[in-house]
Amino acid sequence: MVTRPRGLSAANQLHAFSRGQSLLEFALVLSVLMLLVMGLFDLGYAVFINNMLSEAAREGARAGIISANSDAAIRCRVDAAAPGLNPQVTIAPATRTFNNPITVTVTYLYHPMTPIVGNIASSLPLSSTSVMIVEGAQSSPMPAPCN
């Protein structure tokens, strides 16, 4: 035999249970929705960093097409184009000659901020490469922003 608290009719008791059920459903849906929103923020930030790496690789290659620039000057230009990231920079070939390509590859290990996404993929390597043709050897190197 089911007993009801005194003063509550069967209709009022059913309404009270319904409100509790709605609150529980809202909490479950809200948690999933928040994870989706945070995942979108992570995706947007990863795309932003990828664009920053593309620009940094382009800037490094632009500095490298002037063969008087050293590898340190190229790395300086990459670091200036991607502030705060401290990416890994690979420059090939080591010696640059007129009318030959130079390849600058910039790599960064992205760590998602959302906890669930971070558990699935703790780090995501992002990389960008730029290839340009060495245009000439100037007697003085292009000024780097790190000087």
- Task: From Val2, Val106, grab the single residue that is closer than 19 Å to Ser130 by Cβ and either modelled with pLDDT of 95 or more or part of a loop (DSSP other than H, G, I, E, B) (or both).
- Result: Val106
- Pick from the range 45-91, criterion polar (S, T, N, Q) and in a helix (DSSP H, G or I), ranking: farthest from Gly136 (Cα to Cα): Asn50
- Message: Every residue in the range 30-43 that is over 15 Å from His111 (Cβ atoms) and either among the charged types (D, E, K, R) or out of contact with any helix residue (DSSP H, G or I) (no Cβ under 9 Å at 6 or more places or on another chain) (or both), please.
- Response: Leu30, Ser31, Val32, Leu33, Met34, Leu36, Val37, Leu40
- Residue in the range 48-62 that is aromatic (Phe, Trp, Tyr), surrounded by fewer than 18 Cβ atoms within 10 Å (Cβ to Cβ) and at pLDDT 95 or above present: yes
- Out of all the residues in the range 91-128, which are surrounded by 13 or more Cβ atoms within 10 Å (Cβ to Cβ) and polar (S, T, N, Q)? Thr103, Thr105, Thr107, Thr114, Ser127, Ser128
- Residue by residue through the range 53-79, note down the ones that are touching a Ser or Thr at 6+ places or on another chain (Cβ under 9 Å) and without any contact (Cβ under 8 Å) to a residue 60 or more places away in the chain. Glu55, Glu59
- Exactly one condition in (1) in contact with a strand residue (DSSP E or B) (Cβ under 6 Å, 6 or more places away or on another chain); (2) within 17 Å of Ser127 (Cβ to Cβ) is not met by Asp71; state its number. (2)
- Query: Do any residues in the range 106-119 that are closer than 27 Å to Ala81 by Cα have Cβ atoms under 8 Å from those of residues that are surrounded by fewer than 19 Cβ atoms within 10 Å (Cβ to Cβ) and modelled with pLDDT under 80, where the two are at least six apart or on different chains, and which pairs are they?
  - Reply: His111/Gly118; Pro112/Gly118; Pro112/Ala121
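The values are calculated or read from the model by the stated rules, or taken from the named source; none is laboratory data. Because the structure is a prediction, the values reported are computed rather than measured. Cβ coordinates were reconstructed from backbone atoms using ideal geometry, including for glycine residues, and neighbour counts include every protein chain displayed.
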